[in-house]
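First the structure, in the form of structure tokens, and then the observations on it.
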Amino acid sequence: MAIVAMVLTVALQGAARQPALNPCVRPAVPRTAVIVRPVDQAATQPDFFTFRARLQTAIAARDEAALLTAVDPAIKLSFGDDDGIEELKKQLRDPTGTMWTALASALALGGRFSSATTFTAPYVFATWPDGPDSFECVAVIGERVRVRRTAEADSAVVGSVSYEIVQVLPAAREGGLVHVRLANGVSGFIAPAFVRSPIDRRAIFERAGGRWVLRAFVAGD
């Protein structure tokens, strides 16, 4: 959720001015939603599908040894110097850290092959279209997700969205919900579990030397 928080911060910085245009739609069709539907191409390569399933089992069990056998020793974890398998171990063992849940969340959201030897997850990053601003917009990752008038749990439902890219608004987080603006101009609140930023953590897998490895798990743009 750290990246969603970053998106919210960017939105808050623009609180003094409401943008004339929604940065999450295409200017030629400003009231038409941009849709990012779930994609998972893993099954098109059975060896990768099996590899990923075993990795997901290890992550669910928090089996560090099993996870590390699937990781490149020089794994990239940031756009700085905090990389490598020792840094990964440190983050996995941090009782206040989010590495295990971040890995599980990313791999649960499918992905696609950019080549025969490279797979990127989740689909939100792998299929994010040109146009929508990756800092101001998030993807709804559910079907018929309720949009509420206010951040109250029993607030009136003003609409629902399925896999739409939506704008994160200033004063974005209230009562744990995310304040968003839809392509049709309606604004409301969505539970954070149903949105994901394209610049949240993504996993990049590569096949080298006859085996798949997790080569990178990074966030940011």
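Numbers below:
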read-out: Exposure proxy ranking, count of Cβ atoms within 10 Å, fewest first, for Leu68, Leu88; value: Leu68, Leu88
read-out: The range 121-138 and the range 49-119: distance between their alpha carbon centers, rounded to Å; value: 21 Å
read-out: Neighbour-count order for Glu206, Glu164, fewest beta carbons within 10 angstrom listed first; value: Glu206, Glu164
read-out: Förster radius 30 Å - calculated FRET efficiency between Asn184 and Ala104, Cβ distance, rounded to 0.05; value: 0.35
read-out: Label point at Ala193 placed 7 Å out along Cα→Cβ; residues across the range 138-157 whose backbone nitrogen lies under 18 Å; value: 139-148, 151-155
read-out: Contour excess over end-to-end distance, with Cα ends at Glu206 and Ile35 and 0.36 nm allotted per residue; value: 58.8 nm
read-out: Residue of Ala102, Ala33, Ala43 that the Gaussian network model of the chain assigns the largest fluctuation, springs spanning Cα pairs under 10 Å; value: Ala43
read-out: Separation of the Arg26 and Arg146 label points, Cα + 7 Å toward Cβ, nm; value: 3.3 nm
read-out: Sorted by Cβ density within 10 Å, fewest first, the residues Asp221, Asp63, Asp133, Asp154; value: Asp154, Asp221, Asp63, Asp133
read-out: DSSP beta bridge pairing in the chain, given as percent antiparallel to the nearest 5; value: 90 percent
read-out: Net dipole in debye of the chain [+1 Lys, Arg Cβ; -1 Asp, Glu Cβ; about Cα centre; nearest 20]; value: 520 debye
read-out: Placed amide H near Val71: partners under 5 Å, 5+ positions off or other chain; value: Leu214
read-out: Debye, to nearest 20: dipole size of the range 89-207, +1 on Lys, Arg Cβ, -1 on Asp, Glu Cβ; value: 400 debye
read-out: Cα gyration tensor category, rounded, prolate or oblate, for the range 74-117 with a/c compared to 1.5; value: oblate
read-out: In Hz, Karplus ³J(HN,Hα) per residue of the range 27-33 (6.51, -1.76, 1.60; θ = phi - 60°; x = Gly, Pro); value: x, 5, 9, x, 10, 9, 5
read-out: Amide H partners (placed H, <5 Å) of Val34, local residues excluded; value: Ile165
read-out: Positive dipole terminus of the range 59-213, leading residue within Ser114, Phe189, Ile85 (C-beta point charges); value: Phe189
read-out: C-alpha center-to-center spacing [the range 22-41, the range 153-221] in angstrom; value: 13 Å
read-out: Candidates Ala42, Ala121, Ala65: whichever shows maximal mean-square fluctuation once the chain is modelled as a Gaussian network with Cα springs under 10 Å; value: Ala65
read-out: Cα gyration tensor, the chain - rounded (a/c under 1.5), prolate or oblate; value: prolate
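Read-outs: derived from the displayed coordinates by stated rules, not from any lab. Values in this document were obtained by computation on a predicted structure and should not be read as measured data. Glycine also receives a Cβ, built like all others from the backbone with ideal geometry; neighbour counts cover every protein chain displayed.
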